[in-house]
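Bear in mind that the values in this text are calculations on the coordinates, not laboratory data. If you're wondering where the values come from, they're calculated on a predicted model, not measured in any experiment. Cβ coordinates were reconstructed from backbone atoms using ideal geometry, including for glycine residues, and neighbour counts include every protein chain displayed.
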């Protein structure tokens, strides 16, 4: 009878063909933001359906108002096997600016580096290389005759890079097909090339835009300077008031629901030997600018933030123009942690602005989305098994990390279907995701597939 060792050996033997399959998917320019590439998104979905059907999955392309979903299901031999839902996305970011690519972005290639071979193409790490690690693990279970140890559902979407607008409706219409014991997400990364990681925290997000209006038209600063209110001055003062001298956010109630990091996790992060100076030095900075007394990893992974992402007002063209603008605007984002309430944060921000408006200045607010933070249980049986499986494959225990960014689908599935997620990915910080010359380490592609084989077996044990 074939065993897990046979499955792992089959993954090793399949590497040449597996790379060719990945290259075929990477060659499809499935850019979901560009209407010119909508047919390519259809092609990528069709390609995945064919691959999964060839592996014995009941696979189909499902239409949405936007780009199609790929949904596939396959059963384990065991009747009492657990059911997992694997999520990934086949759409990619636009490759611009093209002149910064060493070779065309949709002509995948292998390059040699000190770390080993690298796969270079748009989508190599985000997310085609990642999702194909799971597909290749499933292939090996089938080709050895072992059969999948878990009942497996797969959901590949084609609009993740544009905010997943079709996903909520699709999930509502297909909830019974998507419900599983646990969700597996590969759109995350490792601590370093030799150290796996499991992401257990995702920061939430509130996006607000504020527009301040004063006079009924732009004014000559020589004629009106002094007596006329300047919306830029008002806006600048309000934005400056959002933080105190220690970097803390001053919105009333902002820290409600923010809890201190569990000591087990805090100790693990301290042992990572993270070089804060090097991290900031790589982008030309030297001193952490967040909350005083907090480490950089803590600031990024487990603390909330408020950031002004853009300011517009007055004349911004070449040269000068002596004008008092009629309006000024800013876009502000809040990264949330723990149990912070996105709606309350948005309300607090709006009240904060209104309380600081002088006579003759009016405020308009535009909401651009909100989602809560996700904190996954660190004592769950699924996490324990995943940690053991990854340690067996990589020779060292995985780091439990947070993510400064957001993966909204994880929160949506938790709220709507009460499903926790196991977030295991094999990307690296230097993969140039969303940038020219995006890459994915070949070791990540190879050992990622081996890792998923071990994880599936561990979850079913």
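Side notes on the structure shown:
- Cα-based convex hull volume of segment 208-292 per residue, rounded to whole Å³: 185 Å³
- Contact order relative to length of segment 1-154, as percent, for alpha carbon pairs under 8 angstrom and 6 or more apart: 32 percent
- Theoretical gain in end-to-end length, residue 384 to residue 213 [0.36 nm per residue, Cα-Cα removed]: 56.1 nm
- In nm, spacing of pseudo-spin labels at residue 391 and residue 6 (7 Å Cα→C-beta vector): 2.9 nm
- Compactness relative to 2.2 N^0.38 Å, alpha carbon Rg of segment 1-159: 1.10
- With both labels modelled 7 Å from their Cα along Cα-to-Cβ, the residue 77 to residue 220 distance reads 8.9 nm.
- Label separation (residue 33 vs residue 276): 3.3 nm, computed from points 7 Å beyond Cα along the C-beta direction.
- For segment 332-461, the equivalent ellipsoid derived from the alpha-carbon gyration tensor has semi-axes of 40, 20, 11 Å in decreasing order.
- If you plug the beta carbon distance of residue 296 and residue 417 into 1/(1 + (r/R0)^6) with R0 = 35 Å, you get a FRET efficiency near 0.50.
- Radius of gyration and maximum dimension Dmax of segment 311-385, Cα, Å: 20.0, 66
- Relative to its Kirkwood radius, the Cα radius of gyration of the chain gives an Rg/Rh of 1.01.
- Peptides ranked, highest mean first, by Cβ atoms within 10 Å: ranges 441-448, 45-52, 96-103: 441-448, 45-52, 96-103
- Most to least packed among 402-408, 15-21, 146-152 [average Cβ atoms within 10 Å]: 146-152, 402-408, 15-21
- With R₀ set to 22 Å, the beta-carbon distance separating residue 99 from residue 429 gives a calculated FRET efficiency near 0.35.
- The gain in end-to-end length when the residue 355 to residue 114 segment is fully stretched comes to 81.1 nm, 0.36 nm per residue minus the alpha carbon separation.
- P(r) of segment 243-400 over all Cα-Cα pairs, binned every 5 Å from zero, in whole percent: 1, 7, 12, 14, 15, 14, 13, 9, 6, 3, 3, 2, 1, 0
- Full extension of the chain between residue 365 and residue 13 gives 121.0 nm of extra length, using 0.36 nm per residue less the Cα-Cα distance.
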